[in-house]
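Taking it in order: structure first as structure tokens, then the write-up.
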Amino acid sequence: MTCRALLAIDVDDPAHVALVEEAEQWVARLSGTLDLIHVEGGKYGFGFVTNPNARKLLEVEARQMRQRDETTLDALLAAMDPEVRGSASIAEGDPVVEILAASQKVDVLLIGTHGRLGMSQLWLGSVAEKVIRKATGPVLVLRLNR
């Protein structure tokens, strides 16, 4: 039986390439496959806009952002070793909720952290910390050094 792993990434974070490479090494040690998930926490949402002209412009922009994110995920998958390459997906909603829901379908969840402390963590929050606290399965935390 092969291990199926899920890596939660933020394609807008400049460290996402290094994170995927690190996760790929871990999964190769497990002789597993690596899936990727990127969660858009409202990036495409604009339901509050009622002006039809503004809404049309935002819809075009949202489609372009989504296509860019899909292209980035496709490139990340293409760069992976075929032995560990899984699939990639984009989810919309609360990142913590979506990552935890997707993690129910895999053997292990991998997530990156910048290791921020103090006021930086307070202001920026920590998706990784919330996921770790609420996860029901194993989580491997990969430290991102920038």
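The values are calculated or read from the model by the stated rules, or taken from the named source; none is laboratory data. Keep in mind that what you see is a predicted model, and the values were worked out from it rather than measured. Here the Cβ positions follow ideal geometry from the backbone for every residue, glycine too, while neighbour counts run over all protein chains shown. We work out accessible area using only protein heavy atoms, side chains counted, and drop any ligands, DNA or RNA first. Shrake-Rupley method; radii C 1.70, N 1.55, O 1.52, S 1.80 Å.
Observations
- When segment 60-74 is filtered for residues that are open to solvent by less than 60 Å² (accessible area, probe 1.4 Å) and either of a type outside the set (A, V, I, L, M, F, W, C) or under 13 Å from the mean Cα position of the chain (by Cα) (or both), the ones remaining, listed by number, are D69, T72, L73.
- Among the residues of segment 1-17, those identified as under 17 Å from D81 (Cα atoms), modelled with pLDDT under 95 and open to solvent by 60 Å² or more (accessible area, probe 1.4 Å) are T2, V17.
- Residues considered: L57, L77, L100. Of these, the only one that is within 12 Å of the chain's Cα centre (by Cα) and either under 26 Å from A135 (Cβ atoms) or modelled with pLDDT of 85 or more (or both) is L100.
- Here R85 meets each of (1) modelled with pLDDT of 85 or more; (2) open to solvent by less than 70 Å² (accessible area, probe 1.4 Å) with one exception, condition (2).
- Scope segment 103-146; condition assigned to a helix (DSSP H, G or I) and either among the basic types (K, R) or at pLDDT 95 or above (or both); matching residues: S103, K130, R133, K134
- Taking the criterion of being open to solvent by 80 Å² or more (accessible area, probe 1.4 Å) and either under 13 Å from V11 (Cα atoms) or modelled with pLDDT under 90 (or both), the only residue of segment 88-97 that qualifies is E92.
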